[in-house]
1. Tell me, what does the Kirkwood hydrodynamic radius of region 305-385 come to in angstroms if you use every pair of distinct C-alpha atoms?
2. Provide the per residue accessible area, probe 1.4 Å, for the chain, rounded to a whole number of square angstrom.
3. Can you give the helix-only mean residue ellipticity at 222 nm for the chain, where every DSSP H stretch with n ≥ 4 adds -39500 (n - 2.57) and the sum goes over all residues, rounded to the nearest 500 deg cm²/dmol?
4. Rounded to the nearest 20 debye, what is the charge dipole size of the chain about its Cα centre when +1 sits on each Lys and Arg Cβ and -1 on each Asp and Glu Cβ?
5. R0 = 30 Å: FRET efficiency of residue 63 with residue 285, Cβ-based, nearest 0.05?
6. Which order do you get for 1, 134, 208 if you rank them by accessible area with a 1.4 Å probe, largest at the top?
7. Would you mind classifying region 27-152 by shape? Square roots of the alpha carbon gyration tensor eigenvalues, ordered a ≥ b ≥ c; an a/c under 1.5 is rounded, otherwise it is prolate if a/b is larger than b/c and oblate if not.
8. Divide the volume of the convex hull of the Cα atoms of region 187-234 by its number of residues and quote the answer in cubic angstrom per residue.
Amino acid sequence: MQMYTPPFPSRLPKIGTTIFTRMSALAQEHGAVNLGQGFPDFECDPALLDAVDAAMRAGHNQYPPMAGVPALREAVAAKIEAVYGAKYDPGSEITITAGATQAILTAILCCVHPGDEVIVLEPCYDSYGPNIEMAGGRVVRVPLVPGTFRPDFEAIATALSSRTRAIIVNSPHNPSATIWRAADLQRLADLLRPTDVLLISDEVYEHMVFDGEVHASASAHPELAARAFVVSSFGKTFHVTGWKVGSVAAPAPLTAEFRKVHQFNVFTVNTPMQVALAAYLADPAPYLQLGAFYQRKRDLFRNGLASTRLRALPSEGSYFQCVDYAQVSELGEEAFCRWLTAEIGVAAIPLSVFYEAGFEQRIVRLCFAKRDDTLSLALERLARL
Ligand SMILES: Cc1ncc(COP(=O)(O)O)c(C=O)c1O
């Protein structure tokens, strides 16, 4: 019998292995400190691990309800109300997802029809574009202002059309580490008011905001909240990115459509983690202290960078720090990252990969969600530049 694997046209013909995978492999090959991919190299709170263990041993090992364990949905709603003053009904307006990645894909699949346009602000997280294309939508890319990475509301207004179904906003922002403030949300609300455009608000770094600023959540802006899917990630908030548990808060009519897709996408998210997270959320301290925890790391890292030839851009939120390397090298961003990994021993991510057309600014992204000794080792090496 002749074995035959039929070919078929790719749904995502332009997509190959991501830069994150490639840089992590290169970092390993060269024994480089990996400040490329965004995840902590330290453990989460042991109390959270104990809570998972207890949940498993208590028999929480079968399918939970489709929308998520009720206690976790209730805890999420209570947290949103406590932190942002917004009321969501856990029964009909909160859904537990397999991380923010699935939440964003599901939100897009449930509302974007073939031919619809979705506005994304570049540079942006790499899943948005392919997600929109998988739904048959057209990605409309609006650049953030080069240099400051602030939203350009005139450009967003120009990009809005009768075909625009949604806009995706991400604050605190990966990769630029800038944040939106309440006035930015107000500008967006003014723009969207006369339209039927939905908002997908990616707020996975919501608890990592620095220097006394507060996170401007779309949930706290009632007019925007009425048309928004607000996406959160427990992986980011509790240092457990591998768990892939997140949540979506959205008004009941949006949640109803979201759950139709969720039901036939993942159906449910693993039970013991949900039970553990529900118990762990009873104490608000871990997420309320997260900003101070990461601000200390950011400051340690930035102080060290000050004695290198890299120029640190502002880092207002998230666990990223962008640096301008124009004084160090004339290489393009990807070539610079390869060189930095192989020759200096520090892995970084080129900012250009967050742009569809690969815009070059001699800026790379570093992640400071690392142990202090990891950051010190990276700084020692970067001081050689
Ligand atoms: C902006 C942004 N959105 C979403 C995600 C995905 O989050 P999760 O790990 O919960 O799927 C990430 C992870 O890096 C991110 O940076």
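The values are calculated or read from the model by the stated rules, or taken from the named source; none is laboratory data. Since the structure is predicted, the reported quantities are computational estimates derived from the model, not experimental observations. Note that we place each Cβ from the backbone using ideal geometry, even for glycine, and neighbour counts take in every protein chain shown. The protein model used for the area step is the full one, side chains on, heavy atoms only, and it has no ligands, DNA or RNA in it. Shrake-Rupley method; radii C 1.70, N 1.55, O 1.52, S 1.80 Å.
1. Values: mean 1/r = 0.0777 Å⁻¹.
Evaluated on region 305-385, it is 12.9 Å.
2. Working: 16520 Å² over 385 residues.
That works out to 43 Å² for each residue.
3. -11000 deg cm²/dmol
4. Roughly 360 debye, rounded to the nearest 20.
5. Details: r = 32 Å, r/R0 = 1.05.
E(calc), rounded to 0.05, equals 0.40.
6. Numbers: 1 205, 134 70, 208 0 Å².
From most exposed to least exposed: 1, 134, 208.
7. oblate
8. That works out to 75 Å³ per residue.
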